[in-house]
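Reading through the structure tokens given below for one structure.
The values are calculated or read from the model by the stated rules, or taken from the named source; none is laboratory data. This one's a predicted model, so the numbers in the text were calculated from it and none came from an experiment. Cβ atoms come from the backbone with ideal geometry, glycine included; neighbour counts cover every protein chain shown. Calculation scope for accessible area: heavy atoms of the full protein, side chains included, ligands and nucleic acids excluded. Shrake-Rupley method; radii C 1.70, N 1.55, O 1.52, S 1.80 Å.
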Amino acid sequence: MLTPFRIDTNSLYLTEQLNLLGVDVIFKSVVGDDLRRLVAAAQHGLFRSDILIVSGGLGPTEDDLTREALAEALGLTLRRNLEILTRLEQRFAERGWKMSPNNAKQADVLDGAHVLPNPNGTAPGQWLIGQFDGRERIIVLLPGPPHELKAIFDTEVRNRLRAKVPPAFLAIRTLKVAMLGESLVDARVAPIYKRYRDVETTILAGAGEIELHFKTIAPTQDAAQGRVDEVAGVVEDELEDAVFSRNGESLEQIVGYWLQMRGATVAVAESCTGGLLAERITSVSGSSRYFLGGAVVYSNALKTELAGVPAEMIDRHGAVSREVAAALAEGIRYRCESTLGVGITGVAGPNGGTPDKPIGLVFHAVASDRGTEVVHRNFPGDRKRIRRFASTMALDMVRKKLM
């Protein structure tokens, strides 16, 4: 997990499941395969928390050190469980393989721990309740492969935790905001969420989108949910139509909802986004009901051939211009016979910018029977980020056009 070759999904799953039990996750750490560092991380976790969950490092190889690290951190011995060892030998024999000696370490169990069967792998989990620094702690060891970890948590860990943790209910509410900067959003809403000291507020920024997460714990689910709904409602009143999602939906999902509600269709003509807008729209199941199609018109010739942009317009104003964006939107709408047409043209970089038309300059147009709206923005970042910004801006223009 310290290399660029693996993404940690286990902690996301465990956090979600713990939150559903009313357990707040206060610290996560990723530690390499080093016994000294693993022992230190385990001890720090036990000082901080009532529950310590460790995933990974339960396999047969020399770098699988979780059992040894927890034994040292807790001052416990490891005992080889003959029943686990027998099952391991049987598992290998059933596959016609001879078990190598190093697999036997997967049968080592912390003194006093309860073994958690692993139906999908060789390394079982372990559950231990003990004293650390004068307080009771719950320690859970789980294997690293996600399908193994999830199965053990679902069948063995969840109910054990539910029986031990005090009754509490955690509620989370998420608002998503389009095309406002993080600092601007926080300046407007911080005076609101600071009044709710029992609600934890987190702001996450993406390319053209801001997420506001509200979280609290209360004695009942209704009380917790009511509290986060209250602060979310006041924040939404402040941000008005910049809020596009109240329950975690993506912008492309919301645009799809609006198109279906209005009985409308859309077609797109994309230059600098290279089909990203169409990809986002069609990532939503059922998008064939409102997305008719479009064209990726990178070259000037295809802007004319597929979207009907006059060649003399491109010569006069340049491919990256307000006029060409409008012509793309109007042309693709006419040719696809859609309710709305969207045109995007810009400079995504890293090359091609000029003083008059710098990298990040993008023109967006939405055409309808009420006319054509054109908006231009100068987006920061690299090519990937600029293209994401541009597709988000176009989607949000369609959303607002239908509201």
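In straight Cα distance, which lysines are under 27 Å from LYS176, not counting same-chain residues fewer than 8 positions off?
Straight-line reach from LYS176, under 27 Å: LYS28, LYS194, LYS215, LYS384, LYS400, LYS401.
Once you have all Cα-Cα distances for region 48-172, histogram them in 5 Å bins from zero and send the whole-percent values.
Percent of Cα pairs in each bin: 2, 10, 21, 22, 20, 12, 6, 4, 2, 1, 0.
Whole number in Å², please: accessible area per residue of the chain, 1.4 Å probe, ligands, DNA and RNA not counted.
For the chain, the per-residue accessible area is 50 Å².
Along Cα→Cβ, 7 Å out, is where each label goes; now give me the distance between the ones at SER49 and ASN102 in nm to one decimal.
Using points 7 Å along Cα→Cβ, the separation is 2.9 nm.
Could you give the length gained on full extension between ALA168 and ASP154, defined as 0.36 nm per residue of separation minus the Cα-Cα distance, in nm?
Length gained between ALA168 and ASP154: 3.1 nm.
Roll a 1.4 Å probe over the protein heavy atoms and report the accessible area of ASP241 in Å², nearest 10.
Number for this one is 70 Å².
Over the chain, calculate the relative contact order: mean separation of alpha carbon pairs under 8 Å at least 6 apart, over the residue count, as a percent.
Relative contact order here is 11 percent.
Which one, TRP97, THR9, PRO124, is farthest towards the positive end of the dipole of region 1-138 when Lys and Arg carry +1 and Asp and Glu -1 on their Cβ?
Value: TRP97.
Quick one: grab the alpha carbon gyration tensor of region 270-319, order the square roots of its eigenvalues as a ≥ b ≥ c, and give me rounded if a/c is under 1.5, else prolate or oblate depending on whether a/b is larger than b/c.
Prolate is the answer for region 270-319, as a/c is 1.5 or above and a/b outweighs b/c.
Let me spell out the model: positive unit charges on the Cβ of Lys and Arg, negative unit charges on the Cβ of Asp and Glu, origin at the Cα centre of the chain. What dipole size does that give, in debye rounded to 20?
180 debye
Heavy atoms only, 1.4 Å probe, whole protein assembly: order ARG95, ARG289 by accessible area, highest first.
ARG289, ARG95
Go through LEU306, LEU85 and list them by solvent-accessible area, largest first, probe radius 1.4 Å.
Greatest to least solvent exposure: LEU306, LEU85.
Give the accessible area for GLU16 in Å² (nearest 10); use a 1.4 Å probe, count only protein heavy atoms, and leave out ligands, DNA and RNA.
Approximately 100 Å² for this residue.
Could you tell me the calculated FRET efficiency between ARG195 and VAL25, based on Cβ-Cβ distance and R0 = 22 angstrom, to the nearest 0.05?
0.30
In degrees, nearest 10, range 0 to 90: what is the angle between the Cα axis of helix 383-402 and the longest Cα principal axis of the chain?
Tilt relative to the chain: about 70 degrees.
Which of the three applies to region 40-121, rounded, prolate or oblate, going by the alpha-carbon gyration tensor with a ≥ b ≥ c and a/c under 1.5 meaning rounded?
prolate
If a/c stays under 1.5 just call it rounded; otherwise compare a/b with b/c (prolate if a/b is bigger, oblate if not). Do that for region 293-403, with a ≥ b ≥ c from the square roots of the Cα gyration tensor eigenvalues.
Because a/c hits 1.5 or more and a/b fails to exceed b/c, region 293-403 counts as oblate.
Take every DSSP beta bridge whose two residues both sit in the chain, then give the antiparallel share in percent to the nearest 5.
75 percent
Just to confirm the number: angle between the C-alpha axis of helix 10-20 and the first principal axis of the chain, 0 to 90 degrees, nearest 10?
90 degrees
When only C-alpha pairs under 8 Å and at least 6 residues apart count, what is the relative contact order of region 65-220, in percent?
Rounded, it is 15 percent for region 65-220.
Roll a 1.4 angstrom probe over the protein heavy atoms and tell me the percent of accessible area of the chain that is carbon or sulfur.
It is 51 percent, rounded to a whole number.
Expected output is a single nm value to one decimal: the length gained when fully extending between ASP8 and GLN90, i.e. 0.36 nm times separation in residues minus the C-alpha distance. What is it?
Taking 0.36 nm per residue and subtracting the Cα distance, the gain is 26.4 nm.
What nm distance separates the two modelled labels at ARG36 and ARG383, each placed 7 Å from Cα along Cα→Cβ?
Rounded to a tenth, the inter-label distance reads 4.5 nm.
Evaluate E = 1/(1 + (r/R0)^6) for ASP63 and ARG370, where r is the Cβ-Cβ distance and R0 equals 45 Å; express this FRET efficiency to the nearest 0.05.
The calculated FRET efficiency here is 0.10.
For percent of Cα pairs over 42 Å apart, the listed values are (1) 18; (2) 36; (3) 13; which was obtained by calculation from the structure presented?
(2)
Length gain on complete extension for the stretch THR15 to ASN247, per 0.36 nm per residue less the alpha carbon to alpha carbon distance?
Difference between extended and current length: 81.6 nm.
If I take R0 = 25 Å and measure r between the Cβ atoms of LEU180 and ARG316 in this structure, what FRET efficiency does the formula 1/(1 + (r/R0)^6) give, to the nearest 0.05?
Calculated value: 0.15.
In percent, what relative contact order does region 294-403 have, based on Cα pairs under 8 Å that are 6 or more apart in sequence?
20 percent
To the nearest 10 square angstrom, what accessible area does THR216 show with a 1.4 Å probe?
Solvent-accessible area, nearest 10 Å²: 10 Å².
Measure nothing but the geometry: give the 0 to 90° angle between the long axis through the Cα atoms of 35-48 and the longest principal axis through the Cα atoms of the chain, rounded to 10°.
So the inclination is approximately 80 degrees.
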